[in-house]
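A quick write-up on the structure given underneath.
The values are calculated or read from the model by the stated rules, or taken from the named source; none is laboratory data. This structure is a prediction, so every number in the text was calculated from the model and none was measured. Positions of Cβ are backbone-derived with ideal geometry, glycine not excepted, and every protein chain shown enters the neighbour counts.
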Amino acid sequence: MKWREEENWQKLVLAQTKVKQGPILAVLLPAYQFAQIATQDCQTEIVMIGESEQQNGTIVITKLHIFEQEVSGVHCEPSQEAIGRYMTKMMQSNENPSKLNVVWHSHGSMGTFWSPVDEANIENHRKKGYWIYVESNHKGEIICRVDFYEPMRLALVDIPLHIIIPRDPEIEKTCHADIKNNVKAAQGGIIVRAMGKLGRKLGILSNLVPEINTSQKSSIVPVNNVVEP
């Protein structure tokens, strides 16, 4: 094939490859808040090592840690000894250390991009399974990628990040009460809000309350839709 004659045939193949379906990447609200505080309040770069798990086909970042590290305006290097001690602690608690597969670091006041140093670190570290990489900065910008190291090498870059927001039981209770008291459905399944005054004049409205889904325990929101205060 012609592309085999090209010097950079691998890049040519990748440029023509489209992933039809990939993982959904999400972060629990406390972990997201932790990352934002660390990013905004540290004036240099900073790196956080995190844990993740799979929940119904979604990769969820559940927890982040700030280990001992050396940082500057353009560099951050976590202590491998500190990470090793934490992994030992995980095993002693019967936790799977492979969950520690998240690297979230800040570029400080710079933009978010995968620098040559970032790419080298991602490529050269010998890892198993898959790892999640997230970059943030003082402006609130975030980029994400998921890199698979086995059974074959695969990098999914520019994956959207979502926040999992747990529902407040009291707010949910108030909201459901308001739905039951104030929202009525029209005959034939036409919603009152769609019919408005015309529906009431025609007398086709009933007192049927729309069905309320009580199975939801949390909401998942794309980070791009979240406005930082």
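Observations
- Restricting 72, 93 to residues that are loosely packed, with under 12 Cβ neighbours inside 10 Å, more than 18 Å from residue 131 (Cβ to Cβ) and touching a residue at least 12 places away in the same chain (Cβ under 8 Å) narrows the list to 72.
- Criterion violated by residue 88 - all others in (1) in a loop (DSSP other than H, G, I, E, B); (2) surrounded by fewer than 12 Cβ atoms within 10 Å (Cβ to Cβ); (3) among the hydroxyl-bearing types (Ser, Thr, Tyr) satisfied: (1)
- When the criteria are applied in full, residue 140 fails the requirement of being touching a residue at least 24 places away in the same chain (Cβ under 8 Å), on the phi > 0 side of the Ramachandran plot, in the same structural domain as residue 27 (by TED's automatic domain parsing) and surrounded by fewer than 13 Cβ atoms within 10 Å (Cβ to Cβ).
- Contacts under 8 angstrom Cβ, first residue in the stretch 147-174 being in the same structural domain as residue 120 (by TED's automatic domain parsing) and free of Cβ contacts under 8 Å to residues at least 24 places away in the same chain, partner of a type in the set (Ser, Thr, Tyr) and not in a helix (DSSP H, G or I), 6 or more apart: 148/130; 149/130
- Verdict on residue 44 being surrounded by 12 or more Cβ atoms within 10 Å (Cβ to Cβ) and touching a Gly at 6+ places or on another chain (Cβ under 7 Å): yes
- Any hit, the stretch 78-97, residues being closer than 15 Å to residue 121 by Cβ, among the acidic types (Asp, Glu) and out of contact with any Lys or Arg (no Cβ under 8 Å at 6 or more places or on another chain): no
- Some residue of the stretch 175-191 being of a type in the set (A, V, I, L, M), in a helix (DSSP H, G or I) and at pLDDT 85 or above: yes
- Those residues of the stretch 91-112 which are among the small types (Gly, Ala, Ser), at pLDDT 90 or above and in a loop (DSSP other than H, G, I, E, B), in sequence order: 93
- Strands (runs of 3 or more DSSP E) completely within the stretch 113-158 that count 1 or more residues being under 19 Å from residue 63 (Cα atoms): 130-136, 142-148
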